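What follows is calculated from the coordinates using simple rules that are stated; it is not laboratory data. Predicted model, so just to flag it, every value in this text is computed and none were measured. Every residue, glycine as well, gets a Cβ built from its backbone with ideal geometry; the counts of neighbours run over all protein chains shown.
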Amino acid sequence: QQTTNTNTTTITTDRSPALFEESTTTTTMQLQLLRQLLASETHVQSNLDAVYVALTQITTISELSKALNLLAVATHLEDGMGVDGSRFHAEAVAHCKEQLEFI
């Protein structure tokens, strides 16, 4: 646990290794799921809602960066799901901006 005093506000954060490891593992699994959902050569059934849910479960900046890269080059969004890829990518970027505000 870490306590930080900022003038009149005291902020306490729990930085237990187990909690951090669990969060990192979950994020890594969600990124892998996103890869599978976006791959055109997989047998994993995918739709836009599943892709967005997987994206929103990714919580680390480095993994969000990788997810945005995947979305930028994924042809399966447009070819397999009939989605306007640039519109969806704009929504994904907006989600990432929201996440950055919490850091």
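When the dipole is taken about the Cα centre of the stretch 54-103, and only Lys, Arg (+1) and Asp, Glu (-1) are charged at their Cβ, what size is it in debye, to the nearest 20?
Charge dipole of the stretch 54-103: 100 debye, to the nearest 20.
If eta is 1.567 mPa s and T is 4 °C, what Stokes-Einstein diffusion coefficient results for the stretch 64-103, Kirkwood Rh from Cα pairs, in µm²/s?
The calculation lands on 122 µm²/s.
By average Cβ neighbour count within 10 Å, what is the ranking of 70-76, 37-43, 94-100, 54-60 from highest down?
54-60, 70-76, 37-43, 94-100
Pick out, from Ser62, Gly82, Leu48, the residue whose Cα sits farthest towards the positive end of the charge dipole of the stretch 42-103, with +1 on the Cβ of Lys and Arg and -1 on the Cβ of Asp and Glu.
Of Ser62, Gly82, Leu48, it is Ser62.
Within the P(r) computed for the stretch 21-103, what percentage of the Cα pairs occupies the region above 20 Å?
Above the 20 Å cut-off, the stretch 21-103 has 26 percent of its Cα pairs.
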